[in-house]
Every structure is written in C-alpha cells, then in structure tokens.
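Student: Here it is: the structure, laid out below.
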Amino acid sequence: MIPVARLKDFDVSSGAMTFSQFRTSLSLAQPPEGGSILVALWYDAKGNWQKAHEIVQDLETREAAWIHAYLHRKEGDISNAQYWYHRAGQSLPHGSLEQEWEMIVRRFTG
C-alpha cells in the first residue's frame, strides 16, 4: 500500500508539480491529488483510456478539450478528434501520440 504522505508529494492542485515528478507518479497505484487535467493524463499513461475520457468529457475548458482531442486521436477516431482540437484551439498534430502526450503534460506542469 502506498502511504498517503507519498501521494501528497505529487499534489498537482498547487501547480508545483514538475514533469519529472509527474513521470515518477506513474509508478504509484493512485493518481496525484487535484488537477483533473493531469489526473486524466495519468490514467491515460497507465492504460486506462476510459477513465481518462470520463474525466475530461464533461469539462468545458480548452485544456480539457485538448486532452479529449488527444484521447480520440489515440482511439483512432480522427473526425471526432478534429472536432475537439478545434474546440481546444489546437491543430491536429503530425507527431506521435507519445510526443503529444509529453507536450500536453509539459504544458500543465512546471
């Protein structure tokens, strides 16, 4: 069992989590506390596309729309992804999914 104190080291609600800390948090059994955006990306990285999608699908922010677009691109539903990229004010990326995931995480970490 992972101690709660360990999870608090990765609390994203303060906005102080770095990319490296976020990567390290992927070794934990539970996501870092706070910040729906990073929690969705954490679940995606852990292989739980459905949970990541559930988190962002009803959020009405450009940030959530960007992750929603990425998830549909990953799913292979490009037309749906294009809709969400448009809502996010982003273009359909030409790089790999891994590159996009890292770009998004870096955008929301310090």
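What follows draws every value from the coordinates through simple rules; no lab data is involved. On a predicted model such as this, the values are computed, not experimentally measured, just so you know. Methodologically, a virtual Cβ is constructed for each residue, glycine included, from the backbone with ideal geometry; neighbour enumeration extends over all protein chains shown.
Student: To the nearest 10 degrees, how steep is helix 62-75 against the longest Cα principal axis of the chain, on a 0 to 90 scale?
Tutor: Roughly 80 degrees, rounded to the nearest 10.
Student: Same structure, new question: Treat each spin label as a single point 7 Å out from the Cα along the C-beta direction, and report the Arg107 to Arg62 distance in nm.
Tutor: 0.9 nm
Student: Sticking with this structure for a sec: As an exercise, use a Förster radius of 41 Å and the Cβ-Cβ distance of Ser96 and Glu33 to find the FRET efficiency, rounded to the nearest 0.05.
Tutor: Numbers: r = 29 Å, r/R0 = 0.72.
Calculated transfer efficiency: 0.90.
Student: Label 7 Å along Cα→Cβ of His86; region 52-66 residues with amide nitrogen under 20 Å?
Tutor: 57-66
Student: What Kirkwood hydrodynamic radius, in Å, does the chain give when the mean of 1/r is taken over all pairs of distinct Cα atoms and then inverted?
Tutor: Values: mean 1/r = 0.0711 Å⁻¹.
Kirkwood hydrodynamic radius for the chain: 14.1 Å.
Student: Under 13 Å from the Cβ of Gln50, count the other residues' Cβ atoms, weight Lys and Arg +1, Asp and Glu -1, and hand me the total. Don't jump to the answer; show the numbers that get you there.
Tutor: Numbers: positive: Lys46, Lys51, Lys74; negative: Asp44, Glu54, Glu75.
My count for the surroundings of Gln50 gives 0.
Student: When the helices in the chain are scored as -39500 (n - 2.57) per DSSP H run of 4 or longer and the sum is shared across all residues, what 222 nm value do you end up with, to the nearest 500 deg cm²/dmol? Could the numbers behind the result be given before it?
Tutor: Values: 7 runs with 67 residues, N = 110.
Computed ellipticity for the chain at 222 nm equals -17500 deg cm²/dmol.
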